[in-house]
Structure formats: C-alpha cells, structure tokens
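Read through the structure below, which is laid out as structure tokens, and then see the notes.
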C-alpha cells in the first residue's frame, strides 16, 4: 500500500516555514486474512487490525485475528502502526532517557496514523473493486494477491492466512 510520507522516527518533514509537508510516498506492508466463508455469494465485512504497543505486523496474522475472521466471516486487514512498532522501541527508550527526544518520537507516530487512514481508504474504496486472484490454498484459508489497477497504483502485500 502506498501512502504519503510525512514523518520518520526523527519527526515530521517540514518546509522552509516549518509547516509539516509530504515528502513523497512510502510503501507500507499490509496483511489480508480472507476466511473461506467469504465468497462472491456471501459478502464478508472488513475489519482493520492494528498490533499492540511496540508489536509488529505478524500479530495481524496470529491466532486471535484468524479466529475472529473465521468466527465472524470478516476479512481482516492488518497494518503496521508506524511509530509504535517493535522497530520504534529504540526511539521510545531514547525519549524515556531524555525528554528532549519526545517531540520527534511523538511526531513519528503520526506516520502510523496516516498509514491507517490509507488502510481505511484501501478497505472502503479499493478492495471491493479489485480483481482478486487465488494464488494458493491452505486448509480453510486463502492466500490472495491483488493486481494493481494501473502502474501508478501500488498493490498491498497479501500474506498467507494459514
């Protein structure tokens, strides 16, 4: 999934006047769990899933999200909470050691918010109209890939839900 890039763990990107600016785009990983009950005849709901504090994207493929997807017949789309993921632990520790690091750390969290806004857009506008192709079967779960609508539209990474 491609989203606007506004921050890193070092803080916001800013223009000459100090206003926050978009600095290109960044491709963020996405997981999609599609339960076997989700078919063209049985429309499934879509749920966005974010990992816990300082966790990772792999949590969105764990036992609970899978069980939830299966039990409720919902497609679960997981994203990485940039700024609050495992990779951000060093920045968080630096903030605890020196309060002067609080601003860049807090500003970096906003990239995760932008990422989840992108997930919501993907779920509501793009996924329902995508051409889905089955690439692999495992037990009761399906692994899907999404073909980009055009060269300028990045595809989310679909991961195995088995």
It is to be established whether one or more residues within region 29-52 are at pLDDT 90 or above and loosely packed, with under 14 Cβ neighbours inside 10 Å. no
Being part of a loop (DSSP other than H, G, I, E, B) and touching a residue at least 12 places away in the same chain (Cβ under 8 Å) is the filter here; which residues of region 2-23 pass it? 5, 6, 9, 10, 21, 22, 23
Take residue 59 and decide whether it is free of Cβ contacts under 8 Å to residues at least 24 places away in the same chain and under 12 Å from the mean Cα position of the chain (by Cα). yes
Scan of region 69-91 for residues that are within 17 Å of residue 10 (Cβ to Cβ) and within 17 Å of the chain's Cα centre (by Cα), ordered by number: 82, 83, 84, 85, 87, 88
Which residues, counting only those in region 29-57, are farther than 24 Å from residue 90 by Cα and out of contact with any strand residue (DSSP E or B) (no Cβ under 8 Å at 6 or more places or on another chain)? 37, 39, 40, 41, 42, 43
Report yes if residue 26 is out of contact with any helix residue (DSSP H, G or I) (no Cβ under 6 Å at 6 or more places or on another chain) and part of a strand (DSSP E or B), otherwise no. yes
Does region 92-108 contain any residue that is closer than 22 Å to residue 6 by Cα, within 19 Å of the chain's Cα centre (by Cα), surrounded by 18 or more Cβ atoms within 10 Å (Cβ to Cβ) and modelled with pLDDT under 90? yes
Can you give me the number of residues within region 60-79 that are surrounded by fewer than 24 Cβ atoms within 10 Å (Cβ to Cβ), modelled with pLDDT under 90 and in a helix (DSSP H, G or I)? 2
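The values are calculated or read from the model by the stated rules, or taken from the named source; none is laboratory data. What you are looking at is a predicted structure, and each value in this text was computed from that prediction instead of being measured. We place every Cβ from the backbone using ideal geometry, glycine too, and count neighbours over all the protein chains shown.
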